[in-house]
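Novice: My questions all concern the structure below.
The values are calculated or read from the model by the stated rules, or taken from the named source; none is laboratory data. As the structure is a prediction and not an experimental result, all values here were calculated from the model. Methodologically, a virtual Cβ is constructed for each residue, glycine included, from the backbone with ideal geometry; neighbour enumeration extends over all protein chains shown. Accessible surface areas use protein heavy atoms only, side chains included; no ligands, DNA or RNA. Shrake-Rupley method; radii C 1.70, N 1.55, O 1.52, S 1.80 Å.
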Amino acid sequence: MKYYGALEAGGTKMVLAVMDENGETVRQESIPTKTPEETMPEMLAFFRAYTITGMGIGGFGPLNLDRSSPEYGHIMETPKLPWRHFPLLQAFRDGLGVPVGLDTDVNAAALAEARLGAAKGKESCLYVTVGTGVGGGVIIHGKPVHGLLHPEIGHITVAPVPQDPMPGGICPYHAHCLEGLASGPAIEKRWGISGRQLPPEHPAWEIESAYLAQLCANAMLTFSPEMIILGGGVMQQKFLLPRIREKTLKLLNGYIAHPAVSEGLEHYIVTPGLDTRSGITGAWLLAREAENEQ
Ligand code: ADP
Ligand code: ZN
């Protein structure tokens, strides 16, 4: 049996897993994200306990994913200062001596959803997590989109909702971007209480679903993914999804003529097929690809 290392590198925690060639998890652990000096040795020790043949990382960004760049595999201008310019890919390649695949956490999750999850069998999808931040991964022609950098769909500009008491949002970069208006912390800032504690009838959710509907409509109108998958802590509020579908339909106003739309988006805007395992499963897929590419 072959083993692979999979890492979901987050700003607050690192999820480490050793998975076999069938994708079964052999061991999994979470450790807090401190500095590279503290956290790298802990992570390497975890993986060195197994003979792995490839390593895959879905990481917080922004990341340099340009293979022709001397800084390929480095973390870029992140607000998590100790990790700024850290050569993440190289640290694992040198530390473990195996091929390493790297993509953004959300591209990894999108890849897993496209290969094995809700969008299985489809060539394209958008995966969005609505949690501490809002991030999106995009698969087109079966592959994660990189392009100039990589999609940063959480920071698209959205139109403030008229009844929003905090229409500027909380993003330090943008006046009214999606993350600044619709992330978990944005909800908490707006209402002074965590989204976990807000009942379904609270006005918070009409505003939240209006912003997420703008994201869905904009994605459909720009790159036309075959499915939109919404995950993350905030989406645990199950009543959100139907409201987002309804508002997306209103925004599109009949413009996109496709059965997915006329059916009411029920099979188009969906929750993750892999539940909370999209990210780590995506990292495992990246590990296998890195092994095959060597
Ligand atoms: P992360 O984005 O850090 O990986 P989560 O996806 O769990 O982790 O997102 C955490 C954010 O989501 C927090 O701001 C939290 O308030 C919010 N959140 C988590 N669970 C819920 C819930 N059930 N309902 C509403 N908001 C939630
Ligand atoms: Zn922003």
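Per-residue answers, yes or no, for (1) out of contact with any strand residue (DSSP E or B) (no Cβ under 8 Å at 6 or more places or on another chain); (2) in the same structural domain as Ser224 (by TED's automatic domain parsing):
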| site | (1), (2) |
| --- | --- |
| Gly101 | no, no |
| Glu123 | no, yes |
| Val138 | no, yes |
| Gly147 | yes, yes |
| Gly169 | no, yes |
| Pro172 | yes, yes |
| Trp191 | yes, yes |
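Novice: Scanning for something of a type in the set (Phe, Trp, Tyr) and without any contact (Cβ under 8 Å) to a residue 40 or more places away in the chain, does the range 90-110 turn up at least one residue?
Specialist: no
Novice: Checking the structure you have, find out if any residue of the range 284-292 is within 19 Å of Thr129 (Cα to Cα) and acidic (Asp, Glu).
Specialist: Taking every residue of the range 284-292 in turn, none turns out to be within 19 Å of Thr129 (Cα to Cα) and acidic (Asp, Glu).
Novice: Let me ask something else. When Thr78 is evaluated against the numbered criteria (1) surrounded by fewer than 16 Cβ atoms within 10 Å (Cβ to Cβ); (2) modelled with pLDDT under 95, which criterion, by number, is the only one it fails?
Specialist: (1)
Novice: A further question on this structure: Which numbered condition trips up Gln197, out of (1) open to solvent by 70 Å² or more (accessible area, probe 1.4 Å); (2) over 22 Å from Gly59 (Cβ atoms); (3) more than 16 Å from ligand 1 (Cβ to nearest atom)?
Specialist: Of the numbered conditions (1) open to solvent by 70 Å² or more (accessible area, probe 1.4 Å); (2) over 22 Å from Gly59 (Cβ atoms); (3) more than 16 Å from ligand 1 (Cβ to nearest atom), the odd one out for Gln197 is (3).
Novice: Just give me the residues in the range 162-179 being surrounded by 18 or more Cβ atoms within 10 Å (Cβ to Cβ) and of a type in the set (Gly, Ala, Ser), in sequence order.
Specialist: Across the range 162-179, the qualifying residue is only Gly169.
Novice: Taking into account only those residues within the range 52-68 that are of a type in the set (S, T, N, Q) and over 22 Å from Ile153 (Cβ atoms), which is most open to solvent (accessible area, probe 1.4 Å)?
Specialist: Looking at the filtered set, the residue picked out is Ser68.
Novice: Among what's in the range 121-150 and is assigned to a strand (DSSP E or B), more than 16 Å from ligand 1 (Cβ to nearest atom) and closer than 17 Å to Tyr268 by Cβ, pick the residue that is most open to solvent (accessible area, probe 1.4 Å).
Specialist: Ile140
Novice: Considering each residue of the range 100-126, count those that are in contact with a Ser or Thr (Cβ under 8 Å, 6 or more places away or on another chain) and farther than 17 Å from Pro62 by Cα, and give that number.
Specialist: So the count comes out to 7.
Novice: Also, I was wondering about something else. If you go through the range 151-161 one residue at a time, how many are in contact (Cβ under 8 Å) with a residue 40 or more places away in the chain, open to solvent by 20 Å² or more (accessible area, probe 1.4 Å) and over 25 Å from Ala109 (Cβ atoms)?
Specialist: 1
Novice: Within the range 187-244, how many residues are over 17 Å from the mean Cα position of the chain (by Cα) and either within 17 Å of Gly133 (Cβ to Cβ) or of a type outside the set (Asp, Glu) (or both)?
Specialist: 40
Novice: Here are Glu113, Glu71: which of them is among the charged types (D, E, K, R), at pLDDT 95 or above and open to solvent by less than 60 Å² (accessible area, probe 1.4 Å)?
Specialist: Glu113
Yes/no per residue for (1) crowded, with 20+ Cβ neighbours inside 10 Å; (2) among the polar types (S, T, N, Q); (3) more than 28 Å from Thr53 (Cα to Cα); (4) not assigned by TED's automatic domain parsing to the domain that holds Asp20:
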{"residue": "Leu241", "(1), (2), (3), (4)": "no, no, yes, yes"}
{"residue": "Ile244", "(1), (2), (3), (4)": "yes, no, yes, yes"}
{"residue": "Thr248", "(1), (2), (3), (4)": "yes, yes, yes, yes"}
{"residue": "His258", "(1), (2), (3), (4)": "no, no, yes, yes"}
{"residue": "Ser262", "(1), (2), (3), (4)": "no, yes, yes, yes"}
{"residue": "Ile280", "(1), (2), (3), (4)": "yes, no, no, no"}
{"residue": "Leu285", "(1), (2), (3), (4)": "yes, no, no, no"}
{"residue": "Glu289", "(1), (2), (3), (4)": "no, no, no, no"}
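Novice: Which condition number in (1) away from ligand 2 (no atom under 16 Å from the Cβ); (2) assigned to a helix (DSSP H, G or I); (3) not assigned by TED's automatic domain parsing to the domain that holds Phe47 is the one that Asp94 fails?
Specialist: (3) is the only condition that Asp94 fails.
Novice: Still on this structure: Sort out which residues of the range 81-100 are within 22 Å of Arg288 (Cα to Cα) and either open to solvent by less than 10 Å² (accessible area, probe 1.4 Å) or modelled with pLDDT under 95 (or both), and write them in order of number.
Specialist: Leu88, Leu89, Phe92
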